[in-house]
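In what follows, a structure is listed as structure tokens, so that the remarks can point back to it.
Bear in mind that the values in this text are calculations on the coordinates, not laboratory data. Model, not experiment: these values are computed from the prediction. Backbone-built Cβ (ideal geometry, glycine too); neighbour counts: all protein chains shown.
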Amino acid sequence: MEAEIFSRVEQKYILTQDDVDALIVLLNDYMNCDIHNEGGKCYPVSNLYFDTSSDELIIKSLEKPVYKEKLRLRSYGQAKDLSETVYLEIKKKFEGVVYKRRTPMILSEAYDFIQNGTLPKNENTNWQVFHEIQNLMQRYSLSPRVFISYERLAYFSKIDSDFRLTLDTNILTRREDLLLESDIYGEPLLQKGEWLMEAKAIKSFPLWFVHFLTERKIYFSSFSKYGNEYKKYLLSRV
């Protein structure tokens, strides 16, 4: 499981299935699978992204400011019921460095907080992070606006655990039925066979990874799941 508080540099890339197949051969030598990737299989991740009624946060984010922030509620897989553990996350980006802070919550308590402002009773709550999230929600009057799910492969380096890779495919989005315990469905955000790779490090990327990108002519992409969903949403309203 990822740490509750950290900062790092993140770069995104769009890969083909051939790229992913070639990369996985290398990953077997240099990286270990995340604990969720049993047998090297993808695991599902579901998210509710928060925004204002006028989509203020994502509009600001697409303008590429020096500083931006987002809030989401995440579950690993479809939440089975309201007793499931989920994660309320605040993600900030300043001058290219990502700062992520999150706290575990019981889904029922997360909904009570979102809808009524009720404080959680979960003993595992990180109160420092929670109050930061509470302040952000009150400052912007945030509420869930978009559901985004995907299938993920995740890896961390055998040598430097600060270097991580995630590979996401089957990214689905919707703007109704905004519940983590609902079925996973929605409109696809990628073309068939495409993957979104995120490389994450506190310092620099390892040479073997840089060589892989160079040899296969894979270039940085500014792809944002929520950002691209919003662009697609705007086009649907024309």
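Numerical summary
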read-out	value
Computed E for R174/F94 - FRET, C-beta separation, R0 35 angstrom, nearest 0.05	0.70
Sites matching trypsin sites (Lys or Arg not before Pro) across the range 131-219 that sit in DSSP coil, with at most 16 neighbouring C-beta atoms within 10 Å	K158, R175, K192, K203, R216, K217
Rounded, prolate or oblate (a/c below 1.5 giving rounded, otherwise prolate when a/b exceeds b/c) for the range 84-238 by Cα gyration tensor	oblate
Candidates D168, D18, D34, ranked by Gaussian network fluctuation over the chain, Cα under 10 Å, top entry	D18
Global form of the range 133-214, assessed from the alpha-carbon gyration tensor, a/c cut-off 1.5	oblate
Positive-end extreme of charge dipole, the chain - chosen from L142, M105, L179 (charges on Cβ)	L142
Spin-label zone in the range 182-216 - amide nitrogen under 11 Å from a point set 7 Å from the Cα of I14 along the C-beta vector	190-192, 194-196
Loop-located GluC sites (Glu not before Pro) in the range 138-238 whose Cβ has at most 16 other Cβ within 10 Å (DSSP)	E176, E181
Loop-resident sites, the range 176-238, for chymotrypsin sites (Phe, Trp or Tyr not before Pro), counting at most 14 other Cβ within 10 Å (DSSP)	Y185, Y219, F220
Three-way shape call for the range 34-85 based on the alpha-carbon gyration tensor, with the a/c threshold at 1.5	oblate
Förster-model FRET efficiency, 35 Å R0, N116 and K232, C-beta, rounded to 0.05	0.65
